[in-house]
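Heads up: the structure comes next, in structure tokens.
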Amino acid sequence: MNGIGWPLVELSSKLLERDEREAVLGDLLESNESAWQGLLDVFGLVLRREAGLWKASRPWLAGFGVALPSGFLLMGVSLSVSCTYQRLINHKVYDCWWPTGHEGFPLLLCHTLLLITWSWAGGYVVGTVSRRTLWVSAALSLLPLFTYLCTFRLETVSRLCLFLFLLPATLGVRQGMRNARVSFRLASLLALTITVLMISAWSSKALWIFNWGLIWPAWYLVAATWRSGQEGRTGSWPIDHATYTRVSLR
Amino acid sequence: MLGEFEYLLITAASGLGENAYGAAIREEIEASTERRCSMGALYTTIDRLEAKGLLKTWMGEATPQRGGRAKRMVRVTSKGVHAAKDFYDAVMRVSRGASWVENRIGNAS
């Protein structure tokens, strides 16, 4: 293996897990393959590993069930919250955004809270359900955003307004990936708050019908915490490894 | 029932005994089949066989020859031995009367 090629092989092997990386790099050195062949071997293995992940339902659920539709809907909510804010604070009128165009401060507060909670719950579910395919879920959630930016010109508000949902969503993903515990009570409180806020917005005719789809990550969280409470008696989700092992051995 | 490559891998690992690990198994398969064996095929098959309980793997020692990197050692379990034997028996049974088998016997005699 030549001096230039090997660092490339080592770099690409970072895509593998630690033990596997160790074994693969050792095997490549031992078999004295060319750097090009080594690169092909490493990428081949990475591709097979990635493809293998998609045999399960979780990556599909995280990517196409949550990230993609949520990205699209939350982009719209981010924009409408920004427009409502501009209308109420700076008295600029954008009559094309949001169902009524006549929201006051309570509805602005309601929409802002919904934006934060929807984004956080969606992010948390994505981060917990399928960590290893997170980069695909992230790309899918950003796809509608960049499609919109490339297709339409946004003159009324700053382009950054479209990205409002990213902060709470990223926080949710981060906490989901770190296995931050959510108790059944907290999940129920979150889901109920979202539901009440949505009913309130809906009754004021200030909620798009498709936004009801954003409710499911929060209720999924409730179901998951309830289920883990039933199985592991911990009442929180995700359940810890020891509990998982105990439950699996039953 | 094992797949063809799974059978090759178990047989190579079984033949290597205590010295069965990634690179050695790969070399053995390549020597027997005269075809290239990719790392991807090797390690994903090892994982699959381990998940089925046909192999057991663990991280072994590091050697200077490998740049101080550890080996992924492989051992065939008794379940793996049975599965390989079943595959071999099936191949032998289905091969009885095949023209190439008869020819080979004819050539040998």
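Using unit Cβ charges (K, R positive; D, E negative) and no other charged atoms, how large, in debye to the nearest 20, is the dipole of chain A about its Cα centre? It would help to have the intermediate numbers written out before the result.
Details: 22 positive and 15 negative charges, 186 e Å.
For this selection, approximately 900 debye.
Let me confirm one metric for peptide B:33-44, namely the mean number of other chain beta-carbon atoms within 10 Å of its residues' beta-carbons. Please list the in-between numbers first.
On the way: counts 0, 0, 0, 2, 0, 6, 18, 12, 4, 4, 10, 6.
What the average comes to for B:33-44 is 5.
Partner chain Cβ atoms within 10 Å, averaged over the residues of B:17-27 - can you pull that number for me?
3
Apply the Debye scattering formula to the range B:4-99, with a single equal point scatterer on each alpha-carbon and no solvent, then give log10 I(q)/I(0) at q = 0.11, 0.12, 0.20 Å⁻¹.
One equal scatterer on each Cα of the range B:4-99 leads to -0.34, -0.40, -0.99.
Can you work out the FRET efficiency for the pair A:Gln230 and B:Lys56, with r the C-beta to C-beta distance and R0 = 25 Å, to the nearest 0.05?
Efficiency computed from Cβ-Cβ geometry: 0.15.
Alpha carbons only, please: Rg and Dmax for the range A:5-53, in angstrom.
10.0, 30
Report the relative contact order of chain A, percent, no decimals, based on alpha-carbon pairs under 8 angstrom and at least 6 residues apart.
21 percent
Amide H neighbours of B:Cys37 under 5 Å, counting only residues 5+ apart in sequence or on other chains, H built in-plane at 1.01 Å?
Amide H neighbours of B:Cys37, under 5 Å, 5+ apart: none.
Please find, in a Gaussian network model of chain B (springs between Cα atoms separated by less than 10 Å), the residue of B:Arg26, B:Arg72, B:Arg36 whose mean-square fluctuation is greatest.
In this elastic network of chain B, the residue with the biggest mean-square fluctuation among B:Arg26, B:Arg72, B:Arg36 is B:Arg36.
Would you please give the residues with an amide H less than 5 Å from that of A:Val182, counting only those at least 5 places away or on a separate chain, with H modeled from the backbone geometry?
Counting only residues 5 or more places away or on other chains, the set is A:Trp237.
Mind running the shape call on chain A? Use the C-alpha gyration tensor, a ≥ b ≥ c as the square roots of the eigenvalues: rounded below 1.5 for a/c, prolate if a/b tops b/c, oblate otherwise.
Here chain A falls in the oblate category.
Taking the simple approach of a point 7 Å from Cα along Cα-to-Cβ for both A:Ala223 and A:Leu15, what is their distance in nm?
Computed distance between label sites A:Ala223 and A:Leu15 equals 3.4 nm.
Between 0 and 90 degrees, rounded to the nearest ten: what's the tilt of helix B:78-95 against the longest Cα principal axis of chain B?
With both axes taken from Cα atoms, the answer is about 30 degrees.
Taking Cα atoms, how many degrees apart are the long axis of helix A:68-89 and the longest axis of chain A, rounded to 10 and kept between 0 and 90?
The angle comes out at about 40 degrees.
Under the rule of at least 5 residues apart or a separate chain, name every residue whose amide H is placed under 5 Å from the amide H of A:Val157.
Excluding prolines and chain starts, which carry no amide H, there are no hits.
No lab work stands behind these numbers, since they all come straight from the coordinates. Everything numeric in this text was worked out from a predicted model, so none of it was measured. In this analysis, Cβ positions are derived from the backbone assuming ideal geometry, glycine residues included, and neighbour counts consider all displayed protein chains.
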